[in-house]
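Working notes, structure below.
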Amino acid sequence: MNKLQQIYGIVVITAFVTGGLFVFVGLNPEIFKEDTYGWCATDDSTYAEIIFQHYDHPGRKVFNLNCVTCHSASTSEIVVGPSLKEVTQRRDKQWIGEMILHGQKLVEQKDQYAVEQYEKYNRIVHPDFEYLSEDALNDLIEYLELEGGTKQ
Ligand code: HEC
């Protein structure tokens, strides 16, 4: 193979590689957008709605620190406990507050709804959150109301 053929070979290979890259990026223009997640196929609009709704609300922090391991606030998903979506439509805020502070006490007091939930969710004893300040509790319930889609 003479020198000219070698150069020709390199040019052809380079052309193929660059061409391939162009076609690839052309088919996946998303990968150069800053606000997407590279290879993950996410529907940005839904993702943003679910994850980033009411992101700045102080109750969100309380929820994430204490409840998110067992509850979803914005979707109907059952994690360990029931979904809290629209919980403020099912129950009044006074009751929700009591459930959060001392859920098991409600069961012991034979609150009919609390007992039903307790039976339905495998008799998991609800953790008490009596250490939450009144402000934290109010923020949390307001957050549940916002995130659950009952209040705009
Ligand atoms: C260890 C898991 C766990 C954690 C943590 C937890 N929960 Fe629960 N939650 C449950 C289960 C299970 C139930 C079903 C009732 C029962 O078991 O007593 C429930 C029920 C509820 C209910 C009644 C829901 C309905 O649809 O009737 C509310 C309200 C609630 N939890 C709020 C909270 C909040 C707010 C937090 C955080 C401060 C929290 N829970 C933390 C597991 C948990």
- request: Mind counting the residues in the stretch 54-86 that are over 12 Å from the mean Cα position of the chain (by Cα), in a helix (DSSP H, G or I) and surrounded by fewer than 16 Cβ atoms within 10 Å (Cβ to Cβ)?
  value: 3
task: Check the stretch 130-142 and report whether any residue there is more than 7 Å from the ligand (Cβ to nearest atom), among the acidic types (Asp, Glu) and over 11 Å from Gly59 (Cα atoms).
output: yes
query: Residues of the stretch 68-84 being near the ligand (Cβ under 9 Å from one of its atoms) and over 15 Å from Gln117 (Cβ atoms), which ones?
result: Val68, Thr69, Ala73
In the stretch 104-152, the residues that are surrounded by 18 or more Cβ atoms within 10 Å (Cβ to Cβ), touching an Asp or Glu at 6+ places or on another chain (Cβ under 8 Å) and either part of a loop (DSSP other than H, G, I, E, B) or modelled with pLDDT under 95 (or both): Gly148
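Test of understanding: among Gln94, Gln89, which residue is assigned to a helix (DSSP H, G or I), modelled with pLDDT of 95 or more and among the polar types (S, T, N, Q)? Even if it seems obvious, please write down each step before you answer.
Working: Gln89 fails: modelled with pLDDT of 95 or more.
Just a single option satisfies the conditions, and that option is Gln94.
The values are calculated or read from the model by the stated rules, or taken from the named source; none is laboratory data. Nothing here was measured: the structure is a model prediction, and the numbers come from that model. For neighbour counting, all protein chains shown are included, and Cβ atoms are generated from backbone atoms with ideal geometry for every residue, glycine included.
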